[in-house]
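The structure under discussion appears below in the form of structure tokens.
The values are calculated or read from the model by the stated rules, or taken from the named source; none is laboratory data. Everything quoted here is computed from the prediction, not taken from an experiment. Here the Cβ is made from the backbone with ideal geometry for all residues, glycine too, and neighbour counts use every protein chain on show. All accessible areas refer to the heavy atoms of the entire protein, side chains included, with ligands and DNA or RNA removed. Shrake-Rupley method; radii C 1.70, N 1.55, O 1.52, S 1.80 Å.
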Amino acid sequence: MKISKKHTEKSSQQTSQPPEKCKRLSHILLAEDDLEMRRMLGWSLRQIGYEVIECEDGICLMKQLGLLGPSEKAHMIDLILSDIRMPGVTGMEVLESARAFDDFPPILLMTAFGDEETQMQAERLGAVAVLNKPFDMNDLLERIHQTISIQTLPKQEPAESLSFPIDIVFRHRSSSAPLKAFVEEMASKLNRYADQIMHCQVVIHKTSSTSQHGPHYHVTVNLALPRKRLVVKHPSGAMVDHENAYLAIQVTFGKVYHQLKHHFNRHSSKQRHRQRHAMQSRETI
């Protein structure tokens, strides 16, 4: 999915069930002077469970980091995502100031005017990466996930292990290690029904798109249950145009969970009805 200034947010009323958020909340300091871009990036990051502190320029960024005086939130920052060209102080200047601190959070830079010289300068100053606009949102999310996990966070509590067999199928170059781990984490939420799930297949299908938001992702979860097969599909873009693979997976498993809950509640209700009917028949006899 490509980032562009033409993005407009969809109303939250369009989604009947909001996706569950990631358990581990990490803090990202987002600096972007373009209001529309900043809102879109902040919205996307919050949707997958990050806490986001937004800055409209380089001065605000330096204040949040405690470079211009005391800051209550500086110690909470796990990663900085900053545009290079901003009013007051540029992202590159903030990066250069950060070199004096040993425990400074890693910095990802964004630019619409990237060239080889900018890339080399950023790497020399210690930037994790320079992302050229427009960029693929999924690439950004994976880079953020990897950077925070490897460089800034203590070991996270492992996701609950799966209690039922599962196959994860990626199509059209949609595969990645973080995405596979994310699918397994979402699937583990179904463990309460593990004794009824005979097999689970998850298919991630990436489709090319001519829209400004880039590729769409079709997620299908196929559950084999006793005397029933439950198939839940969700095409990204159906409700939110810029929906990425992570969000599509969250929405799909949210649907799966609610359908499983409804199915087993209905099954239990039928069993209770049959038991009452049997007891009444015996009393009549």
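The set of residues in segment 109-151 that are farther than 19 Å from Arg46 by Cα and among the hydroxyl-bearing types (Ser, Thr, Tyr) comprises Thr111, Thr118. Among residues of segment 52-72 being farther than 13 Å from Val94 by Cβ and part of a loop (DSSP other than H, G, I, E, B), the one that is most open to solvent (accessible area, probe 1.4 Å) is Glu72. Looking only at residues of segment 80-89 that are open to solvent by less than 40 Å² (accessible area, probe 1.4 Å) and either of a type in the set (Ser, Thr, Tyr) or in a loop (DSSP other than H, G, I, E, B) (or both), we find that the one that is modelled with the lowest pLDDT is Val89. Of all residue pairs spaced 6 or more apart or on separate chains, those with beta-carbon atoms under 8 Å, a first member in segment 139-166 that is assigned to a loop (DSSP other than H, G, I, E, B) and among the aliphatic types (A, V, I, L, M) and a second member that is at pLDDT below 80 and open to solvent by 40 Å² or more (accessible area, probe 1.4 Å) are Leu153/Arg24.
Every condition in (1) touching a Phe, Trp or Tyr at 6+ places or on another chain (Cβ under 9 Å); (2) open to solvent by 20 Å² or more (accessible area, probe 1.4 Å) is met by Asn138 except one, and the failing one is (2).
Just one of the listed residues (Ile77, Ile48) is under 30 Å from Met186 (Cβ atoms), among the β-branched types (Val, Ile, Thr), surrounded by 15 or more Cβ atoms within 10 Å (Cβ to Cβ) and out of contact with any strand residue (DSSP E or B) (no Cβ under 9 Å at 6 or more places or on another chain), and it is Ile48.
Within segment 117-138, restricting attention to residues that are more than 27 Å from Arg173 (Cα to Cα) and assigned to a loop (DSSP other than H, G, I, E, B), which residue is farthest from the chain's Cα centre (by Cα)?
Taking the candidates together, the pick is Gly126.
Against the conditions (1) more than 20 Å from Gly49 (Cβ to Cβ); (2) surrounded by fewer than 20 Cβ atoms within 10 Å (Cβ to Cβ); (3) in contact with a strand residue (DSSP E or B) (Cβ under 8 Å, 6 or more places away or on another chain); (4) not aliphatic (A, V, I, L, M), Arg143 satisfies every one except (1).
Of everything listed in (1) under 24 Å from Lys133 (Cβ atoms); (2) aromatic (Phe, Trp, Tyr); (3) at pLDDT below 80, the single unmet condition for Phe101 is (1).
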